[in-house]
1. Could you tell me which residue of the range 116-143 is surrounded by the fewest Cβ atoms within 10 Å (Cβ to Cβ), considering only residues that are free of Cβ contacts under 8 Å to residues at least 60 places away in the same chain and among the hydroxyl-bearing types (Ser, Thr, Tyr)?
2. Residue by residue through the range 155-169, note down the ones that are open to solvent by less than 40 Å² (accessible area, probe 1.4 Å) and out of contact with any helix residue (DSSP H, G or I) (no Cβ under 9 Å at 6 or more places or on another chain).
3. Condition check: open to solvent by 60 Å² or more (accessible area, probe 1.4 Å), closer than 22 Å to Ala27 by Cα and part of a strand (DSSP E or B). Does Val105 satisfy that?
4. Quick one: in the range 144-154, which of the residues that are under 14 Å from Leu80 (Cα atoms) and open to solvent by 40 Å² or more (accessible area, probe 1.4 Å) is nearest to the chain's Cα centre (by Cα)?
5. Output yes when any residue across the range 9-18 is modelled with pLDDT under 90, open to solvent by 40 Å² or more (accessible area, probe 1.4 Å) and not hydroxyl-bearing (Ser, Thr, Tyr), and no when none is.
6. Can you spot a residue in the range 75-83 that is out of contact with any Leu (no Cβ under 7 Å at 6 or more places or on another chain) and in a loop (DSSP other than H, G, I, E, B)?
7. Out of the residues in the range 19-47 that are at pLDDT below 90 and hydroxyl-bearing (Ser, Thr, Tyr), state the one that is most open to solvent (accessible area, probe 1.4 Å).
8. Kindly check whether there is at least one residue in the range 95-102 that is among the small types (Gly, Ala, Ser), assigned to a helix (DSSP H, G or I) and touching a residue at least 60 places away in the same chain (Cβ under 8 Å).
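The values are calculated or read from the model by the stated rules, or taken from the named source; none is laboratory data. Please read these numbers as outputs of a predicted model, since none were measured by experiment. Positions of Cβ are backbone-derived with ideal geometry, glycine not excepted, and every protein chain shown enters the neighbour counts. Accessible surface is based on the protein model in full, side chains and every heavy atom, while ligands, DNA and RNA are left aside. Shrake-Rupley method; radii C 1.70, N 1.55, O 1.52, S 1.80 Å.
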Amino acid sequence: MLVGSQVRRVVVIGDLGSPTYHVGDEAMSLQAVDMLRARGISDIVVVADDPDLGRERYGCDAVPRVGFPGAVGPRGRERLEEVTASSGRRVPDAMAAVADADALVIAGGGNVSSQHPHHLYERLALSRAARHAGRPVLISSQTVGPLVLKDDRPYFSELLATATAVGVR
């Protein structure tokens with residue numbers, strides 16, 4: 001999968017870098033960062049609610065989330081299409097970081113479900129950026145469901161289909 005000599009930069013997204021520390025979610029992301037470092041990968045970028053907190057907690061570069069405010073129903077899906085359209089607009093920093101990386105790791109935390117659609121859409125936006133750049137996507141320690149509404153199923157399926165490897169909890 002990821003061999004240190006072939007990989008120089010990895011972007012990690014989890015439910016992290018928030019002023020309210022999410023113990024389990026942050027632990028899974030920290031474990032992903034630690035495992036990458038153990039494999040000789042030191043150029044790591046985390047996607048965080050607060051990039052300054054992300055840098056402080058993880059000791060690596062950090063970029064802000066793509067952001068899906070009010071991502072319930074059609075608004076979230078419209079935002080997803082807006083940020084992933086290849087119309088030459090400026091892309092969010094997190095997506096630019098993925099395009100410049102060798103891989104994307106979607107670490108644990110943040111259910112991929114219709115209950116938390118902002119997580120589903122953000123992870124899919126980053127996954128689309130990785131696929132567009134020809135980068136592998138690894139999903140680890142991710143909660144899947146329990147609720148995936150009919151309108152979200154194609155997005156959920158697309159996310160899983162883009163992954164090189166999937167690990168769920």
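1. It comes out as Thr143.
2. Answer for the range 155-169, where residues must be open to solvent by less than 40 Å² (accessible area, probe 1.4 Å) and out of contact with any helix residue (DSSP H, G or I) (no Cβ under 9 Å at 6 or more places or on another chain): Ala165, Gly167.
3. Values: open to solvent by 60 Å² or more (accessible area, probe 1.4 Å): no; closer than 22 Å to Ala27 by Cα: yes; part of a strand (DSSP E or B): yes.
When the stated conditions are applied, Val105 does not pass them.
4. Pro154
5. No: the range 9-18 contains no residue that is modelled with pLDDT under 90, open to solvent by 40 Å² or more (accessible area, probe 1.4 Å) and not hydroxyl-bearing (Ser, Thr, Tyr).
6. no
7. Tyr21
8. Of all residues in the range 95-102, those among the small types (Gly, Ala, Ser) come to 96-97, 99, 101.
With assigned to a helix (DSSP H, G or I) added as a condition, the list becomes 96-97, 99.
Narrowing further to those that are touching a residue at least 60 places away in the same chain (Cβ under 8 Å): 97.
Yes - at least one qualifying residue is present in the range 95-102.
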